[in-house]
Amino acid sequence: MSNGFMGRTLFVDLANGSLTEETTDESLARDYLGGYGVGVKVLYDRMKPGVDPLGPDAMLGFTSGPLTGTPALTSGRYTVVGKSPLTGTWGDASSGGDFGPYMKFAGYDFVFFTGISEKPVYLLLDEGKASLQDAEHLWGKDTQITDDLLRAEYGRRHTRVSCIGPAGEMQSLISCVMNDKGRAAGRSGLGAVMGSKKLKAIVARGTIKVPMHDAKEATLMRRRWIPRLNEGGDLFHEYGTAGITEGLVAVGDSPVKNWGGSSVDFPTVQNIGGDEVVSEQAKRYGCWRCTIACGGHMKAGPGRAKESHKPEYETLTMAGTNVLNDDLESIIRFNDICNAAGLDTISAGSAVSFAVESYQNEIIGLDDVGFELNWGDGEAVTSLVDLIARREGIGEILADGVKSAAEKLGQGAEEFAVHAGGQELPAHDPKFIPSLSVSYRMDATPGRHTQGGVGWIMGDGVMEDTRPDKYSAEGFGELQIKAAAWVHVANTTGICLFGFNSYNVSFVTEFLETITGAKYTGEELELAGERIGTLRHMFNLREGMNPLEMDFNPRALGKTPQTEGPNEGVTIDDDALVSDYLRALDWDPVTTRPSDSKLEALGLKQTVGAA
Amino acid sequence: MKITIRPIGPLRRHLEGDSKSVEVTLPDGSTVADALALIGIDSEAQWNASIGGQLVYKDAEVSDGDDLLVFSPIAGG
């Protein structure tokens, strides 16, 4: 088996409790790298189209990359994959911390589940052995208690836990998978898939070393690379992502007032800015092999979780800026509630701002909610997310996301449901970063800010944007392909995007070669990235999902231009950008099906057949 | 005229000690670049700036009482 992998892939049928091991397929690792690359290939081959994502035939995968758990910079990522119950499309969600590396130290590269267990169970991966264990005593427990109980049982030092909380158990479509008590595989609603299978957790205990082509050189290489952190990395080290909140409101990247306002409406953003957040931090922490260390534990305080984590920029914006809430304490508590319940803070925050605007427009009232919902009311934000976490009262409607809630409420509520294809948009505005209007629609997981875009997250040195301005569609397509492909490479090899963004991109190639022994040129990696992105798209086409037919809230595109603020007068011509992207991809401009020659060039012809 | 400059993140190294902001005095007609030069931030370096929630560029004129926010180019989060 290739270096960089443990060589073992596990298939678990939860219906009958059978566990089947296969040798990790070397050719898959070469062509699809790892993570959701291998994940999509396995699910495309083995899961029937059209299955209910919460039903017995749905598959759910936990995947690592060849660099996960190695000395490579920021190599702590694992990715959960499946069909998203939130969007009906391909779904994946990645997380840092230490769980991914420990899944490998326990002996496994990939674990795929199918079926539904009769009673709650967890999977134990223990030094090369796998078994299903009773989880009746854990069902109903929050993610932090679950983590504590399991690590107490198996020993804290070499054990890590990935689990769902009550939100996943209750199959909230905006629920996530949590590990290390504060790291989230947040998007795509995959916590609900885990809940539907009555799979409470995966426990990984192990000390097995990841086989490497040249382990000594990998360690030396790491030492050489660490000082080469760029300024963006310095900022994340000092503040975490909280350090960008003030700046991104000022430039117009952050959504304000449920995407209907601008920085002018939120002059007190500095109350939730990096300095204020860090003043409440007890200690910063890093994920596996990360010296950026953007994470943080917060000081103890009344109403806070026993282990309270530093809110990310996304959380500060979705529960702060986007509801005009400058009460930092309420956002810390919002974050704690989401982490404990296993809710995605982006979608939960969006559900809150949707509810506030619906309340202000008398679509819902005091009788529905039980308390007033006004812009800027931090206490209402925490009270409401608590209801969502419990699926109680109005929370029952909001717990499946804004698209579903708007359909249930009617009365024009869809105007306030800011999503793409059913997934709530993250806190980066396409009016400021126009390429995201394409990423949010055209990536196989709609509404994601971690899937690339021109002028957006990418390693230093990936490319230079040579267009006359950021709105220009001329030559956009080729650049967007490159940006997306490199992000797929980072995501699937197990590298954190913040590391990817904070060093020259050549580190990925160098570490891959040193650790796996396989030589990749930049062009080969780009091709692998495009292959992965294309197969994820083919998964969606097979499900009957054409991204051109997807709902996309026009607020995010400035279809009615804003009249003040940094994005005043801006309307994104997303049709032109998408059209140029399809041209460059050689995908049909109407059906979005890749041409036969493109499928051939990517080596996908046999996989997708006549689909 | 007097304005306040508030660097964010690593750009704080241009301030003394643990200061989070600094008040500077400038002649009328001064620009964002003039103001930042006073604390040693080069106009050719990579940074973004805003006043009152609006993005401003290096040649923009500043006014008495402005609160000038300056921060590193950022992506992610």
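Roughly how compact is the range A:193-350, stated as its Cα Rg over 2.2 N^0.38 Å to two decimals?
1.23
Return a single number: how many Lys pairs in the range A:240-417, at a sequence separation of 8 or more or on separate chains, have alpha-carbon atoms below 21 angstrom apart.
Lysine pairs satisfying the spacing and distance rule in the range A:240-417 number 5.
Let me know the shape class of chain A, please: from the alpha-carbon gyration tensor, a ≥ b ≥ c as square roots of the eigenvalues, rounded when a/c is under 1.5, otherwise prolate if a/b is greater than b/c, or oblate.
Rounded, since a/c falls under 1.5.
At 1.4 Å probe size, with no ligands or nucleic acids counted, give the accessible surface of A:Thr321 in Å², nearest ten.
Per-residue accessible area (A:Thr321): approximately 0 Å².
Sort A:Ser27, A:Ser175 by accessible area with a 1.4 Å probe, largest first. Don't skip to the end; give the middle numbers.
On the way: A:Ser27 65, A:Ser175 0 Å².
Largest to smallest exposure gives the sequence A:Ser27, A:Ser175.
Starting from the range A:186-239, pick out the chymotrypsin sites (Phe, Trp or Tyr not before Pro) whose DSSP state is loop and whose Cβ has at most 12 other Cβ atoms within 10 Å.
Taking the range A:186-239 and a limit of 12 other Cβ atoms within 10 Å, no loop chymotrypsin sites (Phe, Trp or Tyr not before Pro) are found.
Taking the DSSP beta bridges in chain A as the whole, what percent of them are antiparallel, to the nearest 5?
Details: 47 of 60 bridges.
Of all bridge pairs located within chain A, approximately 80 percent are antiparallel.
Excluding residues on the same chain fewer than 8 positions from A:Lys41, give the lysines whose Cα lies under 18 Å from its Cα.
Partners within reach: A:Lys83, A:Lys598, A:Lys605.
A:Ala601 to A:Thr20: extension gain in nm, 0.36 nm per residue of separation minus the Cα-Cα distance?
Length gained between A:Ala601 and A:Thr20: 205.8 nm.
So if I take the centroid of the Cα atoms in the range A:392-461 and the same for the range A:128-198, what is the distance between those two points in Å?
Taking the Cα centre of the range A:128-198 as reference, the centre of the range A:392-461 is 25 Å away.
Mind jotting down the distance between the C-alpha centroids of the range A:254-285 and the range A:578-611, whole Å?
Going from one Cα centre to the other spans 42 Å.
Mean residue ellipticity at 222 nm from the helices of chain A, using -39,500 (n - 2.57) per DSSP H segment of n ≥ 4 over the full residue count, to the nearest 500 deg cm²/dmol?
Roughly -11000 deg cm²/dmol at 222 nm, from the helical runs in chain A.
Rolling a 1.4 angstrom probe over the protein heavy atoms, how many square angstrom per residue are accessible across the protein assembly as shown? Show your work: numbers first, answer last.
On the way: 23630 Å² over 688 residues.
It amounts to 34 Å² per residue over the protein assembly as shown.
Taking the Cα centre of the protein assembly as shown as origin, work out the dipole magnitude from +1 charges on Lys and Arg Cβ and -1 charges on Asp and Glu Cβ, in debye rounded to 20. Don't jump to the answer; show the numbers that get you there.
Values: 63 positive and 96 negative charges, 570 e Å.
Using only the charged Cβ atoms, the result is roughly 2740 debye.
On the accessible surface of the protein assembly as shown, probed at 1.4 Å, how many percent belong to carbon and sulfur atoms?
In the protein assembly as shown, the share of accessible area belonging to carbon and sulfur is 47 percent.
To check my understanding: the extent here is largest minus smallest coordinate of the Cα atoms along each principal axis. What are those three numbers for the range A:314-445, in Å, largest first?
The Cα atoms of the range A:314-445 stretch 40, 33, 24 Å along the principal axes, largest first.
Grab the eigenvalues of the alpha-carbon gyration tensor for the range A:489-584, scale each by 5, take roots, and send me the semi-axes largest first in whole angstrom.
34, 20, 12
Given axes a ≥ b ≥ c from the Cα gyration tensor, I'd like to know whether the range A:435-608 is rounded (a/c under 1.5), prolate (a/b larger than b/c) or oblate.
Cα axes put the range A:435-608 in the oblate bin.
Whenever you get a sec, line up A:Asp367, A:Asp573, B:Asp28 from highest to lowest accessible area (probe 1.4 Å, protein heavy atoms). Walk me through the numbers before you get to the answer.
Values: A:Asp367 155, A:Asp573 95, B:Asp28 135 Å².
The ranking, largest first, comes out as A:Asp367, B:Asp28, A:Asp573.
How big is the Cα convex hull of the range A:243-282 in projection, averaged over all directions, in nm²?
Its average projected convex-hull area is 2.8 nm².
Quote the accessible area belonging to A:Tyr471 in square angstrom, nearest 10, computed with a 1.4 Å probe and with ligands, DNA and RNA left uncounted.
The value for A:Tyr471 is about 100 Å².
Can you tell which of A:Gly475, A:Gly232, A:Thr315 lies farthest toward the positive end of the dipole of chain A, using +1 and -1 charges on the Cβ of basic and acidic side chains (Lys, Arg; Asp, Glu)?
A:Gly232
Working with all protein chains in place, sort A:Trp375, A:Trp486 by solvent-accessible area computed with a 1.4 Å probe, largest first.
A:Trp375, A:Trp486
At the nearest 100 Å², what buried accessible area, both sides summed, do you get for A and B when the probe is 1.4 Å?
The buried area between A and B, both sides summed, comes to about 1900 Å².
Quick one: Kirkwood hydrodynamic radius for the range A:96-239, alpha-carbon pairs, angstrom, one decimal?
16.5
Checking the a/c ratio against 1.5 first, then a/b against b/c, what shape does the Cα gyration tensor give for the range A:8-205?
Here the range A:8-205 falls in the rounded category.
Taking beta carbons within 10 Å but only from partner chains, what does the mean come to for residues A:270-279?
Values: counts 5, 0, 0, 3, 3, 5, 0, 0, 0, 0.
Counting other chains' Cβ atoms within 10 Å and averaging over A:270-279 gives 2.
Only counting protein heavy atoms at a 1.4 Å probe, give the residues of the range A:235-268, ordered by number, whose accessible area falls by 50 Å² or more when the other protein chains are present relative to the chain alone.
Buried-area filter returns A:Leu235, A:Glu246, A:Ala250, A:Val251.
Size of the dipole of the range A:240-417 about the Cα centre, Lys and Arg at +1 and Asp and Glu at -1 on the beta carbon, nothing else charged, in debye to 20?
Charge dipole, the range A:240-417, about its Cα centre: 900 debye, nearest 20.
Compute the separation of the alpha-carbon centres of the range A:82-103 and the range A:510-550 and state it in Å as a whole number.
The distance from the Cα centre of the range A:82-103 to that of the range A:510-550 comes to 16 Å.
With an 8 Å cut-off on Cα pairs and a minimum separation of 6 or more residues, tell me the relative contact order of chain A in percent.
Answer for chain A is 15 percent.
Distances longer than 16 Å among the Cα atoms of the range B:2-71: what percent of all pairs is that?
Of all Cα-Cα distances in the range B:2-71, 38 percent exceed 16 Å.
Would you work out the relative contact order for the range A:131-224, in percent, from Cα pairs under 8 angstrom that are 6 or more residues apart?
In percent, rounded to a whole number, it is 25.
The values are calculated or read from the model by the stated rules, or taken from the named source; none is laboratory data. Remember, predicted model here, so these are calculated numbers, not experimental data. FYI the Cβ positions are ideal-geometry reconstructions off the backbone, even for glycines, and counts take in every protein chain you see. In case anyone asks, the SASA skips ligands and DNA or RNA and just uses the protein heavy atoms, side chains included. Shrake-Rupley method; radii C 1.70, N 1.55, O 1.52, S 1.80 Å.
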